[in-house]
Structures are given as structure tokens and as C-alpha cells.
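Just below is one structure, and these are the notes that go with it.
The values are calculated or read from the model by the stated rules, or taken from the named source; none is laboratory data. No experiment lies behind these values; they were computed from the predicted model shown. Cβ coordinates were reconstructed from backbone atoms using ideal geometry, including for glycine residues, and neighbour counts include every protein chain displayed. Just so you know, the surface numbers come from the protein's heavy atoms only, side chains and all, with ligands and any DNA or RNA stripped out. Shrake-Rupley method; radii C 1.70, N 1.55, O 1.52, S 1.80 Å.
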Amino acid sequence: MPTVSINRELLFQALGREYTDEEFDELCFEFGLELDEITSEKEIIVREQGSDKADGASDVVLYKIDVPANRYDLLCLEGLVRGLQVFKERCEAPRYRKVTPASGEHLKLVITTETAKVRPHAVAAVLRNITFTKERLDSFIDLQEKLHQNICRKRSLVAIGIHDLDTICGPFTYTALPPAEIKFQPLNQTKEYTAAELMQLYKTDGHLRHYLYILENEPLYPVIYDSNGVVLSMPPIINGNHTKTSLKTRNIFIECTATDLTKAKIVLDILVTMFSEYCQESFTVEAAEVMYPNEKTYIYPELTYRKEILTADYINKKVGISETPESLAKLLTRMYLKSQVVGDGSEIEVEIPPNRADIIHPCDIVEDAAIAYGYNNIQMTIPKTYTIANQFSLSKLTELLRQDLAAAGFTEALTFALCSKEDIADRLGIGISLSGAYHLPSPHPSAFQVARTTLLPGLLKTIAANRKMPLPLKLFEISDIVLKDPNTDVGARNHRHVCAIYYNKNPGFEVIHGLLDRVMQLLDVKPGRDHGYYIQAAEDVSFFPGRCAEVFAKGQSIGRLGVLHPDVITKFELTMPCSALEITVEPFL
């Protein structure tokens, strides 16, 4: 859940009254939020960096509020205050409108064909005659960053640019060019750089370096120009310094470039609905025209209001209450969903505003009705159907094995389910084409490129990170691997494996072999070729020649054990021999 830090003084000022900390905590709970922490900038710095770094830091009280990840409209002071005021029935939800410019012509953003290979979509809007204070501008920029981290998926899906419209001249052109042909002065820099130089410059930037991967392997970089050739931004990395907003800014041009058009529309709607409040004509947004390469034009923002009709019985049944349609309509109106009773008096018409992108299905409306009613006010009842939950058999077997492997002297590790291609292929001496690994599209970081096909690399990396611990190191893990399977709807299937490793001055094959015998004893599988288990010599590039065996049980191969090859040990930055066992446990269910 995203956490929003709100200045307590500004919050109470906007709400029109003061609360004690306990009262505000209760208000948040009623509204479906959680007051996570009461702190200050100084207290945060002292806790994270020490008292020496806190000199001059602010003592202003901050409320850190946990907000549901899908409630983008509550990620800033403006949206939070408006939502609470409507919830407490101190005001009505505003009506958002898009208007045509006084000249009659929309500001244009023209998209060229070159963008199709990098970021094909864009939306835009204008906030006209806006009045900023330092707090309002800070809130605007903070909301932009929170949306980047949330719905925009760290700018990979959507990148937001806000510009001082009075410093540029439309129409604007959104295109893509080779990095060497893009040159401008980026935000907060004192000289011009080419796009290629910027990528090098920001590799050491603590904030922007996390977004460079989106473009660094592309032959063309997206860029937005005005009619005079002034660069507005190079999305999704940085804006131009020329269009930097300030307290003197009166007209703001907002552009969102995207790989996902739906997300871009939502982001634009959230931004303009939150801050159009400060325009001279409150809650109005000047529309902009976006022209695609096929010459189709679209007017943004959409600011679409849509309606859903639910029956009172449906809501009452789902929530477990018995309220009248009129009462339910009032509850929903308090949740920013203007509602009224229609039809024969049993149906409720709910209007979903453009800032409530989280309302996708009638069940989302039911959830808001439950929040407004109060979960603590719902009468607890005994279910009519008597049921007892059972643990999933695979999970039960896993838990039992986990306890006994620990009792055998092995320490459990929990490693990442994603790894690099190098971990499951090169380091184990296997070609990536033979690994059967499921590859992630556009992986980031490079350490998480594929889903693991074996638990062994994770344990070896764990040992490498704990080489200073006293020997021997005995680790195990029981978890899932992922293998391609064209017969499933997702093209892959999980398999539960158990893997154990013994690391010492000598290989300790007998220790691993003994662990296999103990596991089979626990599974009540006796030695034998017909109905039991046995091992058979095998060759595997990951294991030392002549020191590898394949394990058979229940009439099938279930895994391997042996002494790891010195090349494998060296590639994982280890210096001593080790033996390993990895088998699947699913045949024993």
C-alpha cells in the first residue's frame, strides 16, 4: 500500500477543523484508510541517518497514511481532503468539466510514426489560470512521482511531463530521433547535453538511473518539441529546463507519453481532477487535441462519467446488511459515488466520476457501500454452510518435510524465484536453450531475467554470501521451480522441489546420500527397484564426472545428487567442494 505523508497543519486547515491524533486515526479507519505513523522530517532523518544529519530539519508534524494501491485519487492532500469532506457530508463531490479554449482551437500534440517503436501513445491537457503556492506545487510534483511509482510502473507504462505553457508555443510534436540528434538543457542543469550524454550523466544519479533501462537499448529516443524547436521533454527520463514550473506559473501543459493508453488516460484524469481546483474556474480543464500518424484525432482528457445500476438486494446480500435503497444510495454518495434510487424503487443508479478509476466492477461499488456502512457495524453471524478448511496436500507435505530436514541439521534458505540466465545456464554449464526456462519480457534488473528451473543456484549464492560462517554449511530449500508447459493456459507450470547442499573442506557425498535416505524414510518409501527407490550412475555437466547419480522412485526419475563440478563451484565464487541433492516431491502426494 502506498504511504502518503501529509503536513498535519495543512491537513487540518483544509478540513476546516482540528482533530486529536486519536480522532483522526478513527476517521481514517472509518474511511477505509490507516494512520500508519505520526512523525516529522527531523525524526525520520534521526531514525534513518542519525542525529548528526538532522540539523536544520523540520519539526512539522507529518501524518503518514496508508492508502489502498488502487485509490489514485487519495495520493495527495487535495484528493484526500476532498474525499474526507464528501464522506463527512460537509460538501458535495464537484463536477469536473473539460472546456474549449477561448480561441476556439485546441492546443495540438502531433505524434509521428517514429514513436511507434518506443512509446506509441500520448495524451495531453491544459490547466489554465492556475494559482500555485509552494505547498500546492510541492503536492503536484509529489503526486506526479507517486503515480510514476504506482500505476505508471516506474515510468515504464506512463511518463508524466508538466510544463509552463507560457514559455513555449504550440502545436507540439512528439517524435523519436537517434540519441545524437537530441540536444537540450535538461531540468536543473546549466548546459546542453545530447541524449547519449544524458544517459551517461544520469547513470550515477540516485533517482533517474532507475529509469535509464527503458531507453538505453533503443535506436531512437522519444522527444517532444514545440513549434520553435524547444524541447519540452525526453520521456520517460527528464524534462527540459526551459519549461520548468514555478510559483509564477499560471498555465500548465500536461503531457503523458505511454506504452499503455488506458493507463495514460487514467493518469491524466487523476492529475487534472486533483489540481483543477486551483484554476480560476474551479474544476474545469482545457482540452487538448492529440493527432496520431494515421491522422486520427482525439480530445483529452476524457473526464468520462459512467453509470452502473445495482439492486439494493445485491448490495445487502454481499455485505450482509438490510438497508433500504435510499439508505444505500446515501452511503455510496458519501464515498464519492453520486447515487439515486431509480426504477421501481429497488434499483440504485451509481455515477462513477473520472477520478474513481478503481471502480471496475459492481463488487467495487459493494465494497464502498460496506466501508461507508462501517465494517464494525455489520452484525457477525454464523455461516449457514458448515465447512472445515483443509490444508492443500502439497503444502502439508512441504511443511512436514521442512521440519524434519531442519531436525537433520540443515538450515532452511528462502531464495528468489527469479534469477538471471547466467545463474541457471552458464554457471551450471548448461545452454540456456536446454534449460526450459520461462523468460520474462523486458526484465529489470538483469538479475531477474527468467523463472528458475532449479533451486541449486539460489543455495550456492546463499553460501557465497555466507562464506565467513563456520564450516560445514548445510542448507536446504523446499520451493517451486517453473518449467515451460505448452499444455497450460499460461505456458508454464510450477513444480515443488527440495534441494539440499553440503559445503565443507571435503565434498561430504555421504552426508547428502544420508539425507536422501532420511527423506525416503519419512515418505515411507523403501529401497528397491520395483516399488521403492534407488540411485543409478549418471552424467551431468553440473556434477563431477563419476560422482553423480540419478534418483528413481515410484517408477520414475525424481532428481539427482552428487558432487558439484569444480567449474560450477568456481563460477559461484566458492573455493571448497560441495555436494548437492535436488528432487521433486510431487510424486509422493
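At a glance:
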read-out	value
Within the accessible area of segment 126-243 (1.4 Å probe), percent carbon and sulfur	48
Surface accessible to a 1.4 Å probe, D567 within the full protein complex, Å²	90
Among A329, Q391, L405 the positive-end extreme of the charge dipole of segment 325-444 (Cβ point charges)	L405
Rounded to 5, percent antiparallel among DSSP beta bridges of the chain	90
Calculated P(r) tail over 16 Å for segment 183-299, as whole % of Cα pairs	69
Whole-number percent relative contact order across the chain, with pairs defined as alpha carbons under 8 Å at least 6 apart	11
Neighbour net charge for E89 - beta-carbon separation under 12 angstrom, K R +1, D E -1	+3
Alpha-carbon Debye profile of segment 484-589, log10 I(q)/I(0) at 0.19, 0.20 Å⁻¹	-0.97, -1.04
Segment 108-192, relative contact order in percent, only Cα pairs under 8 angstrom and at least six apart counted	47
The chain - accessible surface per residue (Å², probe 1.4 Å)	50
Rounded to whole Å, sorted largest first: equivalent-ellipsoid semi-axes of the chain, Cα gyration tensor	52, 34, 24
Integer Hz, Karplus 6.51/-1.76/1.60 couplings in order for segment 238-243, x for Gly and Pro	7, 8, x, 5, 4, 9
Net charge over other residues, Cβ less than 13 angstrom from the Cβ of I266 (K, R count +1; D, E count -1)	0
Semi-axis lengths (Å, descending) of the ellipsoid that matches the C-alpha gyration tensor of segment 245-363	36, 18, 12
Restricting segment 77-153 to trypsin sites (Lys or Arg not before Pro) in coil, as DSSP defines it, with at most 13 other Cβ within 10 Å	R90, R95, R153
222 nm mean residue ellipticity, helices alone, for the chain (DSSP H n ≥ 4; -39,500 (n - 2.57); rounded to 500)	-7500 deg cm²/dmol
Under the Debye formula (equal points on every Cα, no solvent term), log10 I(q)/I(0) of segment 1-79 at q = 0.13, 0.16, 0.22 Å⁻¹	-0.43, -0.64, -1.04
Surrounding net charge for E43, when Lys and Arg each add one and Asp and Glu each subtract one, Cβ distance under 15 Å	-3
When segment 1-160 is reduced to its Cα atoms, the Kirkwood hydrodynamic radius in Å	18.6
Heavy atoms of F448 accessible to a 1.4 Å probe, total area in Å² rounded to 10	60
Under the Karplus curve 6.51 cos²θ - 1.76 cosθ + 1.60, θ = phi - 60°, whole-Hz ³J(HN,Hα) for segment 569-576, x wherever Gly or Pro sits	4, 5, 5, 9, 6, 10, 10, 10
Student exercise, the chain dipole from Lys, Arg, Asp, Glu Cβ charges, in Debye to nearest 20	1320
Accessible-area value, I38, 1.4 Å probe, nucleic acids and ligands omitted, Å²	70
